[in-house]
Structures are given as C-alpha cells and as structure tokens.
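Okay, handing you the structure first.
Read the figures in this text as sums done on the coordinates, not as results from a lab. None of the values given here were measured: they were computed from a predicted structure. As a convention, Cβ positions derive from the backbone with ideal geometry for all residues, glycine included, and neighbour counts pool all protein chains shown.
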Amino acid sequence: MSYIPHTDVERQQMLAAIGVTTIEDLFESVPSRYRFPKLNLPKGLSELEAWAEVQAFAEANEHAGDYALFRGAGAYHHYIPAAVNHVLLRSEFYTAYTPYQPEVSQGTLQAIYEYQSMLCALTGMDAANASHYDGATSLAEAVTVALEASRRKRNKVVLHPAIHPHYRAVVRTYHQGNGVEFVGDTGKTIERTTADDLIKLIDDQTALVAVQYPNYLGNIEDFSKLVEATHNAGALICFVANPMALALFKSPGELGADIVVGEGQPLGIPLSYGGPYLGFFAVRDEYVRRIAGRIVGETIDHDGKRAFVMTLRPREQDIRREKASSNICTNQGLMALAACVYMSLMGRSGLRRAAEISYQRAHYAAKQINKLKGYKVNVGAAFFNEFPVKCPKPVSAINDFLIERGIIGGYPLEGDYPKLKDHMLVAVTEMNSKDEIDLLVEALAEAAK
Amino acid sequence: MTESLIYEISSPGRTAVTLPDVGVPEVELPKDLLRKDLDLPEVSELQVMRHFVNLSHLNHSIDTGLYPLGSCTMKYNPKVNEDAARLAGFAYLHPLSDEEGSQGALALMYQLQTWLAELSGFTGASIVPAAGAQGELAGILMIRAYHLDRKDHKRTKILVPDSAHGTNPATVSMAGLQAVELPSDKNGDVDLNALRAALDDSVAGMMITVPSTLGVFDTKIRDVIRMVHEAGGLMYMDGANMNALMGVVKPGELGFDVMHYNLHKTFSTPHGGGGPGCGAVGANEKLVDFLPGPIVEMVEETEDENDAPLYGLKMPVKSIGRLKAFQGNFGMHVRAYTYMRIYGGEGLHEVSRHAVLNANYVRAKLRGVYPMPVDRICGHEFVMSGHFEGVEGIHALDISKRLMDFGIHPPTNYFPLIVPEALLIEPTETEDKATLDNFVEVMKKIAQEAKDDPELLRSAPHTTPVKRVDEVRAAKQLMVCCRPIPDYDQQRTPSGD
C-alpha cells in the first residue's frame with residue numbers, strides 16, 4: 001500500500017532532470033556513517049489488513065457506544081447531531097492549513113469568526129480567540145495573560161482546589177520556569193475549601209484568581225464575594241466553565257469574570273479518549289490584545305467586500321520571536337468548526353434544552369441514589385449534571401460490579417482528594433435515559449450487598 | 001463570492017434539532033442562578049449544511065489543489081485514517097476509562113510511541129503534546145529539568161540559529177530560559193566560530209532544525225553536536241522537517257538528546273485548518289525519565305504469545321508533568337498509527353526518498369528562473385528568492401498571490417528570515433510528476449509576467465473569492481465578534497499596577 005504516485009519511468013526522468021542517477025545520490029550530505037540506518041519496524045500492510053488490526057484495537061475498548069456511561073470529570077458524552085460530522089468530513093476544511101493566506105481561506109476564517117461570536121454569547125465576554133489545545137492549556141494561557149496584564153509586577157496565582165486536578169497540574173507544568181507562585185489548592189482541607197476561603201489569600205502580588213463553574217465536584221458556588229475581593233485587589237478573575245452548563249446558568253460575564261476558559265468538548269466533539277478537544281478562551285475588551293493564539297477579525301478586501309483575516313498578528317511568535325508571551329502557532333481549528341456547527345444546529349433553544357434534560361436527569365439520579373442504603377449524595381447542593389456519591393465500598397469494587405452490568409460508573413475522587421475516600425463523581429447527560437439511570441440505581445444497590 | 005454570516009440567516013423560533021422529553025419527574029430550576037437568554041443562531045439543518053458547504057468552497061485545500069507550503073508538509077491525508085479515528089471503540093471511549101477497559105487504545109498508543117522512538121533512534125517517546133509548539137516546550141522544559149536535577153543551576157541559555165522558526169525562541173522564553181541567537185554562514189549552516197564563542201557553562205542546550213530551514217542538510221552537524229555536548233549542553237532537534245529523514249538518518253544516532261515530531265506533517269494527520277495536531281517528543285536515555293506524561297507502559301508482559309500484554313498509563317519518574325488534561329490528541333494517534341502501519345519501515349523510507357526527489361526535481365526545473373540563495377542538492381524543500389534583478393517593486397508576496405489565480409497555494413513567504421523575499425517550497429512525496437510539471441510551468445509564466453506586466457502580480461489575486469484583504473484595518477478597527485455584548489452593569493476594576 002502506498003500513497004506515492006511515481007512510476008519507474010517518471011522516477012528516471014526526474015533523476016535525469018536533477019542530474020543524478022539514483023535517489024541515494026540525493027543524500028550524500030548526510031554523514032555516511034549514519035546514512036540509511038536499519039529500521040526495526042514492521043512490514044507494511046494493505047489498507048484491508050491495517051483496517052482489521054485497527055478495528056480489533058477499537059473493539060477491545062469498553063466505550064459509551066456499548067455501555068451506559070456515567071463518567072464525566074472534564075469530558076462529557078452529549079448528543080452530537082449527524083450533520084456535525086458531515087461538515088467535518090468536508091476535506092476543503094480538514095485538509096487546509098492555518099489560514100495565513102486569507103484570499104484562499106475565507107471558509108475557515110469565517111467559521112472561526114462565527115465560532116468566536118458564539119463563544120462570546122455563551123460566556124458573556126467581549127472577545128474570544130480561535131481556541132487553544134484544551135481546557136487545561138487555556139487556563140495556563142490565562143495565567144500568562146494575567147501576568148502580562150500586571151506587566152509582570154505580580155507573580156501570584158490563587159487556584160481554587162475544586163478546579164480539575166489535571167488542569168492545575170498543567171498550569172504548573174507550563175509555568176515551572178518563570179517563578180509563579182501558586183496558592184490555594186494545597187493543604188489538608190482542600191476538600192472543604194470554598195470560594196470565600198480563598199479571599200484571605202489575595203494580596204497586592206496576586207495577578208489572577210481562578211475558579212471552576214460548576215466546580216470539579218459538580219457544585220455551583222457563589223463567587224460574588226470572591227469576584228469583588230479579587231477586583232478590589234487589582235487582580236483578574238478567571239472562570240473555568242463547562243459550556244453546556246452555560247446554556248442554562250448565568251454567564252461568567254454576568255458574574256464578573258475577566259477571563260473565561262474551558263473545555264469545548266461538550267459542544268459537539270466526541271470523547272475520543274481525551275482528544276482532540278477544544279480549549280476556549282474569552283476575555284473582556286481590555287485584555288483582547290494580550291490574548292495568545294489566533295484571533296480572526298472582520299475587515300474588507302480591495303473591492304470593499306466583507307472579508308475575514310487573522311488579526312493582531314504582531315503579538316505572535318513567528319513575528320515577535322523570543323518576546324512573544326506564548327509559543328502557540330495554531331489553534332484547534334477543526335474542533336472550533338465542530339463547536340460552531342454544533343452551536344448552529346442546537347441554536348438558541350436546543351442547547352438550553354439539552355442542558356435542561358441533563359440537569360433534570362442528573363437530579364433524578366442523585367435523588368434515587370441517595371435513597372439507597374449505604375450511599376449518600378448531598379442533594380441539597382446546587383449542581384448541574386455531576387455530583388459526588390459516597391459509596392459503601394471502595395469505588396473500584398463498585399465499578400467492577402457495574403461493568404458486568406454494562407455500566408461504566410463514576411470516577412473515583414480519592415486519588416486527588418484523599419478525604420473523599422470511597423467517593424465517586426457521577427455525571428448524567430441527555431444520553432442517559434430514565435431506564436439507564438434506573439439500571440444504575442438498581443446495580444448500585446446490589447453492589448452494596 | 002461571499003457567504004452571509006450564520007447569524008444573518010437566523011429567524012426567531014426556527015430550530016434544527018428535536019430533543020427527547022425529559023422523561024423523569026422534574027424538579028424546579030434554581031431561578032436565581034439561571035441566565036435569561038442565549039444569543040445563538042436559529043436556523044434549520046439545511047441552512048446549516050448549505051452555509052458550511054458554501055464556506056468550504058471558499059478554502060484552498062490539499063484535496064482541491066497543490067499546496068507546496070514549505071516547512072508544513074502538506075501531503076495527502078489518507079481517508080482510511082479518518083474512518084479509523086471515528087470507530088465507535090475510539091470515538092466513544094472516555095479519557096478516564098479504567099485501564100482494563102481501554103487496552104485497545106493503550107496498545108495502539110504503545111506501538112506508536114515505540115515506532116516513533118525507533119524511527120529516530122531514541123529510548124522513548126511521549127505522544128502527549130498537542131502540537132509542534134507544545135512538543136518544543138516539553139523538550140526545552142526537559143533540558144531545563146535535566147540540569148536542575150544535576151544541581152547545575154547556572155545553565156539558563158539556549159542557543160538558537162537565526163534561521164530558526166520563531167517558535168523556537170518563543171519556546172525558550174516561555175520555559176523561563178534565555179534565547180541566544182547564532183548567525184548562520186552563507187550556506188545557511190551554523191557558523192562554527194560563532195558557536196564556539198557562545199559556548200560556556202551557562203548554556204543549557206541548543207535548538208536546531210534538521211534539515212535546516214533552508215532545506216539543506218548541515219554537513220557540519222556532527223561538529224555542532226560534539227561542541228555543544230563538550231560544553232555540557234544538550235541538543236534539541238526541531239523535527240518539522242522529519243519528512244526528509246525517515247530511514248535516512250536517526251537523529252538519536254547523530255547525537256541529538258531530544259526532538260519533537262509533527263504527526264500532522266510527517267505522519268499525514270490532517271492540518272484541520274490550523275489544528276488539531278500532535279507534537280510527540282522522543283528522548284534518549286539521558287532525558288527519557290523527564291518526558292511529559294502520562295505515557296503508555298507495558299505493565300505486565302506476556303509469556304504466551306496468544307495473550308496480549310497489559311498496558312497502563314504512567315508518569316515518567318522525573319516527568320516535567322502534564323501538558324494536557326488527558327493523554328494527548330488520541331484521534332491523531334489513531335490516524336498516525338494507521339498511516340505508519342500501512343507503510344511499514346520500508347515504506348516510510350520510500351516516503352522520505354520521494355519527498356526529497358520531488359523537491360530536487362522542482363528545484364532543478366526552476367534553477368535559473370528564480371534566484372536560489374543556496375544552490376545545492378536539497379532535502380524535502382528548498383528556498384528561492386522572489387526578487388529578480390532588474391525588476392523593481394515585485395515581492396515574494398506578489399508571486400504568491402498570483403499563484404492563487406492558477407489554483408495553487410502559495411509557498412511559505414518570508415521564512416526563513418535570513419533569505420530576503422524567501423519562497424520556501426515543499427512539494428511532498430504524494431504529488432505526481434504532471435502536477436509538479438504544471439507548477440513549474442506556472443512559476444515560469446509568473447516570472448515572465450513579473451517582467452512584462454508587473455501590475456498583474458501586484459493586483460493579484462484576481463480569481464479568488466475575495467481580493468487582497470485589508471489587514472491593517474482589521475487590527476485598527478478591531479471586530480472579532482459580530483454580536484452586541486449585553487452590558488451587565490458590573491462593577492469592574494481594571495487590573496494591575
């Protein structure tokens with residue numbers, strides 16, 4: 001199998017035109033000792049054989065196509081209308097490069113502009129960029145924006161411990177070399193930390209305070225006092241938001257956020273074992289020129305016609321080189337397109353409807369599970385579609401039981417929050433029917449025995 | 001030819017989707033917490049399809065025409081890869097699945113890591129990074145961590161040739177280190193005297209692209225590597241040009257300590273209009289423990305060959321940490337795996353041989369038509385100048401824009417920076433001779449037009465959906481959102497000093 005189109009005759013003609021006799025002659029500048037090493041790789045296969053092998057890998061996985069999935073923790077199984085994939089399979093979109101040449105990239109550019117506009121509506125912000133790699137790297141880039149906004153005079157960042165543990169890890173990876181101090185998410189009582197507890201950590205060195213909405217444990221917290229304290233200290237506040245929850249709940253813009261980031265995966269992107277996903281990134285007007293990454297703007301062409309183009313380019317790494325605040329060169333273009341098509345299809349009422357169904361079914365599940373002997377759910381808390389369940393046994397034992405019943409159970413919380421021993425984080429979406437929820441409840445009851 | 005904005009075809013009350021009933025006893029929604037409205041378009045499914053299909057027609061793409069964009073490797077993206085990534089067992093697999101439930105995905109990732117390491121002569125690889133830029137950040141953070149781990153705290157500088165892509169110095173700054181620029185000699189190779197002068201015990205390492213960004217293999221590369229190692233520094237290879245190297249040379253054997261691969265260049269995963277990609281990182285025994293995680297390891301080997309081994313996700317012992325929320329762009333892993341499986345080792349070597357053949361063929365055909373600052377056998381790409389003696393006021397940009405009128409995407413412009421009016425051309429191995437011959441004819445015609453009718457170039461393109469766009473206006477009268485933003489009357493205090 002090969003995607004190389006050359007015939008023997010053509011190869012000879014081409015070598016003659018170059019003035020050499022063999023292809024090997026083209027590699028003489030490579031030191032001979034190192035030239036043409038042996039590759040210990042398997043032999044090539046036909047498409048047919050390779051397909052069978054790849055299919056066997058796919059079938060070895062336990063996935064939401066075959067199992068009832070009640071796991072979220074940062075990645076959610078929502079319905080994706082068929083039309084989304086049909087647009088993504090337009091190879092005019094997926095085989096195009098970053099739209100550096102606007103005259104032949106208006107399709108990509110306009111789609112990103114529309115995506116940015118929808119993201120502004122969803123988050124209540126003034127401007128969004130064309131996206132980052134995922135929700136976690138968006139948060140890492142938000143830290144950079146805040147440091148830059150303080151002209152690098154401040155170097156402290158307050159992280160709410162109920163931000164996704166992996167996001168907090170990624171932020172630390174990104175900033176390990178530039179002396180940022182992270183506070184708020186360490187210590188023995190992180191399971192109980194509330195937004196108001198963070199206020200005392202804010203001082204005149206604080207560049208950014210970051211919270212998650214709804215938080216990693218599913219709760220919708222009241223951030224009003226924290227927002228006020230952050231702004232009084234001259235710092236920025238960033239909301240890590242679940243976009244599906246934003247269809248129902250007040251936008252971070254309305255709640256006073258300066259930066260809104262998050263994982264766009266719930267907006268029409270399959271779970272795909274963790275990627276590719278979509279890091280969305282939106283800010284208030286005053287910070288738009290500090291955003292890293294691609295931004296598409298509206299302009300006109302030579303004839304005065306509306307056109308779109310990547311704008312604020314002089315901020316970027318290929319022009320500013322070592323003075324750029326980030327090295328990002330791309331975005332998650334095709335994933336931004338997926339979200340744009342998804343939000344167009346779902347529309348003003350559909351997205352809210354999907355969020356409402358998720359909300360109602362999650363609250364039904366929480367209530368039913370809380371009735372079970374040995375299980376406990378804080379049903380009084382404000383939550384969207386995800387909640388911790390205290391189990392009568394280790395979560396791994398419960399999940400081993402559930403998988404035999406065709407159910408993928410919640411995610412164990414103990415690894416990241418030691419005090420939440422035997423707690424699982426359960427997520428419910430519009431993909432989980434009442435029958436599935438009832439099956440889960442029944443299986444949980446049996447697992448407790 | 002323009003297309004309305006999706007918001008402009010919206011009508012109140014229209015919808016494209018129907019969702020099921022709630023189906024469970026309902027609770028009252030918490031009114032105080034709810035938003036009032038959501039300003040998304042209201043359109044039908046047909047309107048959505050027409051809108052996006054019409055938009056797609058405004059793009060140039062690999063599947064519609066030649067895309068000789070230097071340093072980007074715009075090769076054909078095989079369709080079986082797309083189908084593979086969409087298999088239910090991959091597409092519906094949750095990222096936090098239990099290990100036992102994700103053995104198929106883990107086995108695939110393990111193979112991909114192993115093959116990438118073997119291809120470059122490295123001990124191990126991490127396929128977590130989402131893009132080349134993230135792979136670079138990983139590699140430089142690994143070099144930094146390596147020195148700190150040895151309690152060598154003075155090494156804060158990374159040497160970067162002036163021919164490097166801008167991402168390299170930006171990466172160095174992002175990692176909290178200092179980029180030191182090195183001049184190139186007239187062939188585009190590293191100037192060894194300048195290198196010698198820059199080397200001391202404050203140098204953490206050096207980043208270099210092989211073949212160089214001028215498309216040529218630096219004949220003194222072994223000397224460069226030896227000198228940096230002798231000074232206690234480590235060598236980072238930017239793998240953007242890996243399409244010239246498969247089965248040609250293993251960077252690990254040459255002496256490189258760490259490199260990144262672009263699965264979206266060399267291994268055919270689509271560019272997607274600017275991502276997603278995968279910037280996997282390979283490392284030798286010195287750096288393998290510092291790789292970003294999680295990586296896939298064999299947890300239990302198998303004695304019976306009919307049994308599959310058990311795979312698991314692990315953080316390398318001295319890992320620089322997580323770079324993404326989960327284990328990388330798995331959809332890209334599936335595509336690259338499928339591509340490598342179909343080609344096999346010998347096939348991948350053929351890929352590089354033909355990529356180099358195609359580039360040299362076009363270079364030979366355009367010699368004497370366009371000035372070539374480095375006139376020698378090239379790798380998988382070559383650079384020429386878009387400036388002619390005796391023809392004033394014509395720039396590389398004008399040639400690029402004129403190419404669009406012939407249905408060909410422009411080469412990379414103005415990079416590398418050390419070549420005035422650079423046009424960097426990379427045909428890739430998947431283009432056939434007739435397509436290349438046509439490209440050569442068009443380039444010759446444009447060179448003639450530059451002399452006979454330069455205005456034709458300056459006013460190009462003429463046949464594209466829009467004419468040259470006003471980039472200055474876009475930045476000055478910034479419009480990045482087409483909707484009015486509600487005023488929440490929030491008390492807002494500007495941040496900072």
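For the range A:208-345, just the Cα atoms, rotate onto the principal axes and tell me the three extents in Å, largest first.
Computed over the range A:208-345, the largest-to-smallest principal extents equal 50, 38, 31 Å.
Using Cα positions and a limit of under 16 Å, work out the aspartates and glutamates in reach of B:Lys445, with same-chain residues fewer than 8 apart set aside.
B:Asp398, B:Asp405, B:Asp437, B:Asp453, B:Glu455
OK, next. Over the range A:82-342, what per residue volume does the convex hull of the Cα atoms give, in whole Å³?
Working: hull volume 34.9 nm³, N = 261.
Hull volume over Cα atoms, normalised by residue count, gives 134 Å³.
Taking the C-alpha atoms of the range B:6-56, how large are the radius of gyration and the largest Cα-Cα span, Dmax, in Å?
According to the Cα coordinates of the range B:6-56, Rg and Dmax are 15.4, 44 Å.
Does the range B:391-460 come out rounded, prolate or oblate, given a ≥ b ≥ c as the square roots of the eigenvalues of its C-alpha gyration tensor, rounded meaning a/c under 1.5 and, failing that, prolate meaning a/b above b/c?
On the way: a/c = 2.17, a/b = 1.25, b/c = 1.73.
Here the range B:391-460 falls in the oblate category.
Could I ask something else about it? Counting other Cβ atoms within 10 Å of each Cβ, which trypsin sites (Lys or Arg not before Pro) in the range A:29-135 have at most 15 and sit in a DSSP loop? Before the final figure, lay out each step's value.
On the way: sites: A:Arg33, A:Arg35, A:Lys38, A:Lys43, A:Arg71, A:Arg90; in loops: A:Arg35, A:Lys38, A:Lys43, A:Arg71, A:Arg90.
Listed in order of number, the matching sites are A:Arg35, A:Lys38, A:Lys43.
In addition: Distance cut-off 19 Å, Cα to Cα: go down the list B:Lys401/B:Lys444; B:Lys401/B:Lys467; A:Lys200/A:Lys225; B:Lys250/B:Lys365 and report the pairs above it.
From the list (B:Lys401/B:Lys444; B:Lys401/B:Lys467; A:Lys200/A:Lys225; B:Lys250/B:Lys365), the Cα-Cα distance tops 19 Å for B:Lys250/B:Lys365.
To continue, here is another question. When only C-alpha pairs under 8 Å and at least 6 residues apart count, what is the relative contact order of the range B:1-160, in percent?
Working: 58 pairs, mean separation 22.7, N = 160.
Across the range B:1-160, relative contact order equals 14 percent.
Compute the separation of the alpha-carbon centres of the range A:9-26 and the range A:31-51 and state it in Å as a whole number.
Cα centroid to Cα centroid, the span is 22 Å.
Once you order the gyration tensor axes a ≥ b ≥ c over the Cα atoms, which shape class does the range B:24-125 get: rounded for a/c under 1.5, otherwise prolate or oblate by comparing a/b with b/c? Please list the in-between numbers first.
Details: a/c = 2.69, a/b = 1.28, b/c = 2.09.
Oblate.
A further question on this structure: If the cut-off is 18 Å between C-alpha atoms, which aspartates and glutamates fall inside it for A:Lys188, apart from same-chain ones fewer than 8 positions away?
A:Asp196, A:Asp197, A:Glu414, A:Asp416, A:Asp422
What is the pair-distance distribution P(r) of the range A:407-449, computed from all Cα-Cα distances in 5 Å bins starting at 0, with each bin given as a whole percent?
In order of increasing distance, the bins hold 6, 19, 24, 22, 17, 10, 2 percent.
Let me have the relative contact order for chain A, percent, based on Cα pairs under 8 Å that are six or more residues apart. Can you show the working numbers first?
Working: 792 pairs, mean separation 90.4, N = 449.
The normalised contact order for chain A reaches 20 percent.
Oh, and also: Name the shape class, rounded, prolate or oblate, that the alpha-carbon gyration tensor gives for the range A:21-117, where a ≥ b ≥ c are the square roots of its eigenvalues, rounded holds for a/c under 1.5, and otherwise prolate holds if a/b is larger than b/c and oblate otherwise.
oblate
When you take every Cα atom in the range A:156-284, what is the radius of gyration, and what is Dmax, the widest Cα pair distance, in Å?
Spelled out, the Cα radius of gyration and Dmax of the range A:156-284 are 14.4, 42 Å.
Between the alpha-carbon centers of the range B:133-202 and the range B:260-303, tell me the distance in whole angstrom.
One Cα centre to the other: 22 Å.
Pop the C-beta distance of B:Lys445 and A:Ala397 into the FRET formula with R0 = 51 Å and round what comes out to the nearest 0.05. Before the final figure, lay out each step's value.
Details: r = 73 Å, r/R0 = 1.44.
Efficiency computed from Cβ-Cβ geometry: 0.10.
Taking Cα centroids, how far is the range B:428-481 from the range A:264-280 in Å?
35 Å
Rounded to the nearest whole Å³, what is the per residue volume of the convex hull around the Cα atoms of the protein assembly as shown? Intermediate results must be reported in sequence, preceding the final value.
Values: hull volume 148.7 nm³, N = 946.
Taking the convex hull of the Cα positions in the protein assembly as shown, it is 157 Å³ per residue.
Which FRET efficiency value, to the nearest 0.05, is calculated for A:Asn40 and B:Lys79 with the Förster distance at 30 angstrom and r the Cβ-Cβ distance? Don't skip to the answer; put the middle values down first.
Values: r = 29 Å, r/R0 = 0.96.
It comes to 0.55.
Using the Kyte-Doolittle scale, find the helices of chain B whose mean hydropathy is at least -0.5 and whose Cα atoms extend 27 Å or more along the helix's long axis, counting only whole DSSP H runs. Each step should come with its number before you reach the end.
Details: long enough: B:330-366 (41 Å, -0.20); B:433-452 (28 Å, -0.53).
Length and hydropathy pass: B:330-366.
Report the semi-axes of the equivalent ellipsoid for the range A:131-171 in whole Å, largest first, where each axis is √(5λ) for an eigenvalue λ of the Cα gyration tensor. Each step should come with its number before you reach the end.
Working: eigenvalues 71, 36, 7 Å².
Each semi-axis is the square root of five times an eigenvalue, giving 19, 13, 6 Å.
Would you work out the relative contact order for the range B:81-343, in percent, from Cα pairs under 8 angstrom that are 6 or more residues apart? Write out the running numbers ahead of the final one.
On the way: 532 pairs, mean separation 75.0, N = 263.
Answer for the range B:81-343 is 29 percent.
In addition: For the range B:81-343, max minus min Cα coordinate along each principal axis, in Å, sorted largest first?
Extents along the principal axes: 56, 38, 33 Å.
Let me have the 222 nm mean residue ellipticity of chain B computed from DSSP H runs of 4+ only, each contributing -39500 (n - 2.57), with the sum over all residues rounded to the nearest 500.
Numbers: 14 runs with 165 residues, N = 497.
That calculation yields -10500 deg cm²/dmol at 222 nm.
Using 5 Å bins from zero, what percent of all Cα-Cα pairs in the range B:348-476 falls into each bin?
All Cα pairs, binned at 5 Å, distribute as 2, 10, 19, 22, 20, 13, 7, 4, 2, 0 percent.
Show the residues, 5+ positions off or on another chain, whose built amide H is closer than 5 Å to the amide H of B:Glu181.
B:Val160
What are the principal axis extents of the Cα atoms in the range A:126-208, in Å, biggest first?
37, 30, 27
As an exercise, identify the GluC sites (Glu not before Pro) in the range B:282-341 lying in DSSP coil whose Cβ has no more than 11 other Cβ atoms within 10 Å. Write out the running numbers ahead of the final one.
Numbers: sites: B:Glu285, B:Glu297, B:Glu300, B:Glu301, B:Glu303, B:Glu305; in loops: B:Glu285, B:Glu301, B:Glu303, B:Glu305.
When the GluC sites (Glu not before Pro) of the range B:282-341 are filtered for loop state and at most 11 Cβ neighbours within 10 Å, B:Glu285, B:Glu301, B:Glu303, B:Glu305 remain.
Just the Cα atoms of chain A, one point each, no solvent: what log10 I(q)/I(0) does Debye give at q = 0.07 Å⁻¹?
One equal scatterer on each Cα of chain A leads to -0.43.
222 nm [θ] for chain A, helices only, -39500 (n - 2.57) per DSSP H run of 4+, per residue, to 500?
Working: 13 runs with 157 residues, N = 449.
My calculation for chain A gives -11000 deg cm²/dmol from helical runs alone.
Right, next: Hey, with R₀ at 41 Å, roughly what FRET efficiency would B:Arg483 and A:Asn370 work out to, going by the Cβ-Cβ distance, to 0.05? Could you put the intermediate results ahead of the total?
Values: r = 41 Å, r/R0 = 1.01.
Step by step, r from the Cβ atoms, then E = 0.50.
Using a Cα-Cα cut-off of under 19 Å, which lysines could be cross-linked to B:Lys31, ignoring same-chain neighbours fewer than 8 residues away?
Cα-Cα hits under 19 Å: A:Lys250.
Sticking with this structure for a sec: Give me the compactness ratio for chain B, meaning the Cα radius of gyration over 2.2 N^0.38 Å.
On the way: Rg = 25.6 Å, N = 497, 2.2 N^0.38 = 23.3 Å.
Against the compact-globule rule of thumb, the ratio is 1.10.
Next question. Tell me the label-point distance for the pair B:Glu392, A:Glu286, using the 7 Å Cα-to-Cβ offset, in nm and rounded to one decimal.
5.0 nm
Give me Rg over Rh for the range B:159-271, both radii from the alpha carbons and Rh done the Kirkwood way, two decimal places.
Values: Rg = 13.6 Å, Rh = 14.4 Å.
Across the range B:159-271, the Cα-based Rg/Rh ratio is 0.95.
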